[in-house]
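A.B. asks: So that we are looking at the same thing, I have put the structure below in structure tokens.
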Amino acid sequence: MVHIDTILNGVKYLNYCHALNNHSIPVNFKLGVATASYQIEGGWNEDGKGENLWDWYTHTYPEKIRNNSTGDVACDSYHKWKEDVELLKNLGVNHYRMSISWSRVLPNGTINNINQKGLDYYLNIFKALKENNIEPVVTLYHWDLPIYMHELGGWYNPLISDYFADYARLCFQTFGKYVQTWITLNEPQSTCHGGYAEGGIAPGYKHIGEGLYQCAYVHLLAHAKAFHIYDQEFRKEQKGRISIVIDFPWAEPASGNDSDLYAAQMERDFVLGIYANPIYLGNWPDSVISMVEQRSYLEGFSKSRLPVLTQEEIIFINGTSDFFSLNTYSTNYISLQNAVNESIGEPSYYLDKGTLASFDPAWPSEVSWIRSVPWGFRKLLKYVYEHFNYPEIFVTENGWADLNGRLNDTERISYISEYLSALLEAYYEDGVNVIGYTVWSFIDNFEWANGYTQKLGLVQVDFESNNRTRTPKDSYRWYQKVIANRCLIDKCV
Ligand code: BGC
């Protein structure tokens, strides 16, 4: 074990000592960075792009976004993509995870009206990435639903899954020559919880009894349809791989008591399992099926608030992934809040789950939702690997937020180095087959309801300047060295 403060170029990156292991990062292991269309592109109404959910939400409810910010210009990557590719090239990443804006290529979301300028924008980026040997990892949907799709019912309406399937086919046809790794949907857990139950992100619904479950159901259908289209129509020729991003902060029992052990498993089933079980194991978790059903009857419903998957749907959704795409930032301690027959009253996802989250105030943190707990990351990797039938795991987001976007971002380097160190322990010591790691984010960007107040980038963006000037932070140079050396310390074994 070597201390990180001996690291790289004699620059001392940490003000406290943390041990990093001396495992080398395997040669084929992918190291990259991520962004998403609405968060960086801007050009919200340019060249034929249609309005999307976040355009509408930020324009209609400015008070719901910190400082009334919007993504109208964001990082202006719609115009500055060449500079972005140059920065990616200098960083030396193996892959770049980015997303396509559905309404930029299909203004209404429907296949009868294709915007060639939108397709060209992405084609140009993919060509430039190819020239620079950077593998694109492409998300078809990262929360910017065409507004017409939302008006038709959005993620409550199964019809959306058919429109999504058409859009997915167009993307495979048009971009498949350049793209070998596809992600259908980003973080349905965050979308369905934040957008349809808790209400903190677009469309801002607080339907805590039914919303999340119906949203999860439509996401699973949309994902599975896109997967089967790729599998049947494109895989043979394009030889790529496809998955869905699933997000989860590790759930650690608050104590060794049976009730907390039970609660932690309920948390895993209700937050991770709702999305992952149908894809990796078939059907929703048993605990979720029986809990929501029992509570629904006690509440006076005539059937479960959780949609029942038909046998046909279970088969259709099961097995629709080539690897496990995992986003994670933090860990929570979990304890029991209420049991199955307690607190019957308001139908609620939270009461169905029956858990309470807490944290150790000693865990380093600068924003409430990210606390640095590398051992939780290692446990999460092991759990996902063993619980979901040993899939290859690709970490498609992980990173650290600060509040001022400082260039001397020591804490980001600590967080990422310690998480990578934990990942290497999961790989070498626990035998978990992790194949890649992706920093969120490549550049500071529009952080949804937090606007521009939380910064996660390796590159600072000056949102005050018309030029949206980009300046690499210390973490950019640190990551550049890690990618080149395949090692977190001076010398690896
Ligand atoms: C999302 C990103 C977001 C990041 C940090 C993830 O949940 O996929 O879009 O910016 O968290 O807030």
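Only the coordinates and a few stated rules stand behind these numbers; no lab work does. Keep in mind it's a predicted model, so treat the numbers as computed, not measured. Here the Cβ positions follow ideal geometry from the backbone for every residue, glycine too, while neighbour counts run over all protein chains shown.
A.B. asks: For segment 50-120, rounded, prolate or oblate, judged on the Cα gyration tensor with a ≥ b ≥ c (square roots of eigenvalues), a/c < 1.5 rounded, else prolate if a/b > b/c? If you can, show how the numbers build up before the last one.
C.D. replies: Numbers: a/c = 2.60, a/b = 1.24, b/c = 2.10.
It is oblate, given that a/c is not under 1.5 and a/b is not larger than b/c.
A.B. asks: Using the Cα atoms of the chain to build a convex hull, what is its mean projected area in square nanometres? Please report the intermediate quantities before stating the final value.
C.D. replies: Details: hull surface 88.2 nm².
So the Cα hull casts an average projection of 22.0 nm².
A.B. asks: State the extension gain, in nm to one decimal, for the chain segment bounded by residue 471 and residue 61, taking 0.36 nm per residue of separation less the distance between their alpha-carbons. Don't jump to the answer; show the numbers that get you there.
C.D. replies: On the way: separation 410, 0.36 × 410 = 147.60 nm, distance 3.14 nm.
Here the segment from residue 471 to residue 61 would lengthen by 144.5 nm.
A.B. asks: Under 5 Å between amide H atoms, partner at least 5 residues away or on a different chain: which partners does residue 301 have, H built in plane at 1.01 Å?
C.D. replies: Residues meeting the amide H criterion: none.
A.B. asks: Something else about it: Starting at the first residue of segment 286-301, write each ³J(HN,Hα) from the Karplus equation 6.51 cos²θ - 1.76 cosθ + 1.60 with θ = phi - 60°, in whole Hz, x for Gly and Pro.
C.D. replies: 4, 4, 6, 4, 6, 5, 5, 5, 4, 5, 4, 5, 4, 7, x, 6
A.B. asks: If you don't mind, there's one more thing I want to ask. Label point 7 Å out from residue 259 along Cα-to-Cβ: which residues of segment 316-339 have amide N under 18 Å?
C.D. replies: Only 333-339 fall inside the zone, counting backbone N under 18 Å.
A.B. asks: With a cut-off of 8 Å between alpha carbons and a minimum separation of six or more residues, what is the relative contact order of the chain in percent?
C.D. replies: Working: 1041 pairs, mean separation 92.7, N = 493.
Across the chain, relative contact order equals 19 percent.
A.B. asks: If the limit is 32 Å between Cα atoms, which of 127/379; 82/206; 89/117; 379/455; 177/353; 64/382 go over it?
C.D. replies: From 127/379; 82/206; 89/117; 379/455; 177/353; 64/382, over 32 Å: 127/379; 82/206; 177/353; 64/382.
A.B. asks: Taking segment 313-372, which GluC sites (Glu not before Pro) meet the DSSP loop condition and have no more than 14 other C-beta atoms within 10 Å?
C.D. replies: On the way: sites: 313, 342, 366; in loops: 342.
Passing sites in segment 313-372 are 342.
A.B. asks: Here's another thing I want to ask about it. Would you mind calculating the gained length between residue 389 and residue 462 on full extension (0.36 nm times residue separation, minus the Cα-Cα distance), in nm to one decimal? Mind dumping the intermediate values first?
C.D. replies: Details: separation 73, 0.36 × 73 = 26.28 nm, distance 4.46 nm.
Answer, rounded to one decimal: 21.8 nm.
A.B. asks: Please list 399-408, 184-193, 295-304 highest first by mean number of surrounding beta-carbon atoms within 10 Å per residue. Intermediate results must be reported in sequence, preceding the final value.
C.D. replies: On the way: 399-408: 17.2, 184-193: 24.4, 295-304: 14.3.
Those peptides, ordered most packed to least, come out 184-193, 399-408, 295-304.
A.B. asks: Taking a ≥ b ≥ c as the square roots of the eigenvalues of the Cα gyration tensor of segment 237-296, is the shape rounded (a/c under 1.5), prolate (a/b larger than b/c) or oblate?
C.D. replies: Values: a/c = 3.65, a/b = 1.73, b/c = 2.11.
Oblate, since a/c reaches 1.5 and b/c is not below a/b.
A.B. asks: Give, as ranges by residue number, the residues of segment 160-182 whose backbone N falls under 15 Å from the point 7 Å along Cα→Cβ of residue 123.
C.D. replies: So the set is 170-179.
A.B. asks: May I pose another question? Using a 10 Å cut-off on Cβ atoms, rank the peptides 270-277, 459-466, 175-182 from the highest mean neighbour count down.
C.D. replies: Working: 270-277: 24.2, 459-466: 15.5, 175-182: 19.5.
Going by the mean number of other Cβ atoms within 10 Å, highest first, we get 270-277, 175-182, 459-466.
A.B. asks: Taking amide H atoms as placed 1.01 Å from N in the peptide plane, list the residues 5 or more away in sequence, or in a different chain, whose amide H sits under 5 Å from that of residue 139.
C.D. replies: 98, 99, 100, 183
A.B. asks: Label segment 281-426 by shape, choosing from rounded, prolate and oblate, from the square roots a ≥ b ≥ c of the eigenvalues of the Cα gyration tensor; if a/c is under 1.5 it is rounded, and otherwise prolate applies when a/b is larger than b/c, oblate when it is not. Before the final figure, lay out the partial values.
C.D. replies: On the way: a/c = 2.71, a/b = 1.55, b/c = 1.76.
Oblate shape, in that a/c is at least 1.5 and b/c is the bigger or equal ratio.
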